[in-house]
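A.B. asks: Before anything else, here's the structure in question.
The values are calculated or read from the model by the stated rules, or taken from the named source; none is laboratory data. Values in this document were obtained by computation on a predicted structure and should not be read as measured data. Note: accessible area is taken over every heavy atom of the protein model, side chains too, but ligands, DNA and RNA are not part of it. Shrake-Rupley method; radii C 1.70, N 1.55, O 1.52, S 1.80 Å.
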Amino acid sequence: MATVYFKGTECHTNGKLPSTGSIAPAFKLTGADLSEVRLSDYRGRRVVLNIFPSLDTPVCAASVRRFNSEAAKLDNTTVVCISMDLPFAQGRFCSAEGIKDVVVASAFRSPQFAKDYGVEIVDGPLAGLLARAVIVADTDGKVIFADLVDEITNEPDYKGALDTLG
């Protein structure tokens, strides 16, 4: 269990992020077009998992825009933006914002993702949503960067994540 904060209110997650050096757990999420999005789909590529509560908040939306403009430009790298938002809302957001260089994936019917990655918020105002975190895996699926943002209303450590990608 990890402690995070939402506007200063203490909240807890169901576990801990995968540690640096470990293998990123497999997952099966739902894409904006209702197709399956699996970590294994990106085998041989570097993967950035941008995890957040909801696209309906300014900070979450900003993180998708930022990773769309920066990390998606890197060679052999896929950015997967993950929330509990329904796939329809994710698709609508990307269309309205011109987001084309990231993959959006919903965990709404994949509770195992939140458990395996330790990002389910289990209490407080955002209980049931995902905590804000960024995880970067190398081409072998090994975690090379993991950051759980302690104050959910803060943006993630873009520089830390991007620096690990060169």
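A.B. asks: Segment 9-166: Rg/Rh from Cα coordinates, Kirkwood Rh?
C.D. replies: Result: Rg/Rh = 0.92.
A.B. asks: Could I ask something else about it? May I ask you to derive the relative contact order of the chain, considering only C-alpha pairs under 8 Å and at least 6 residues apart, and to give it as an integer percent?
C.D. replies: Relative contact order of the chain: 33 percent.
A.B. asks: Take the alpha carbon gyration tensor of segment 1-52, find the square roots of its eigenvalues, order them as a ≥ b ≥ c, and report rounded if a/c is under 1.5; if not, report prolate when a/b exceeds b/c, else oblate.
C.D. replies: Working: a/c = 2.78, a/b = 1.62, b/c = 1.72.
The shape class here is oblate.
A.B. asks: In terms of the Cα gyration tensor, with a ≥ b ≥ c the square roots of its eigenvalues, is segment 34-87 rounded because a/c is under 1.5, prolate because a/b exceeds b/c, or oblate?
C.D. replies: oblate
A.B. asks: Which lysines have a Cα less than 27 Å from the Cα of Lys100, not counting those fewer than 8 places away in the same chain?
C.D. replies: Output for Lys100: Lys28, Lys73, Lys142, Lys159.
A.B. asks: Over segment 1-157, with the other protein chains present, what is the accessible area per residue in square angstrom, probe 1.4 angstrom? Walk me through the numbers on the way to the answer.
C.D. replies: On the way: 7090 Å² over 157 residues.
Ligands and nucleic acids excluded, the figure is 45 Å² per residue.
A.B. asks: Got a number for carbon plus sulfur as a percent of segment 20-104's accessible area, 1.4 Å probe?
C.D. replies: About 51 percent, which is the carbon plus sulfur part of the accessible surface.
A.B. asks: Quick check of the Kirkwood formula: for segment 116-166, what is the inverse mean of 1/r over all pairs of different Cα atoms, in Å? Walk me through the numbers on the way to the answer.
C.D. replies: Values: mean 1/r = 0.0829 Å⁻¹.
By the Kirkwood definition, the hydrodynamic radius is 12.1 Å.
A.B. asks: Within the chain, what percent of beta bridges assigned by DSSP are antiparallel, to the nearest 5?
C.D. replies: Among the beta bridges of the chain, antiparallel pairing accounts for roughly 65 percent.
A.B. asks: Another question about this same structure. Using the Cα gyration tensor of segment 83-153, with a ≥ b ≥ c the square roots of its eigenvalues, what is the shape: rounded (a/c below 1.5), prolate (a/b larger than b/c) or oblate (neither)?
C.D. replies: Oblate shape, in that a/c is at least 1.5 and b/c is the bigger or equal ratio.
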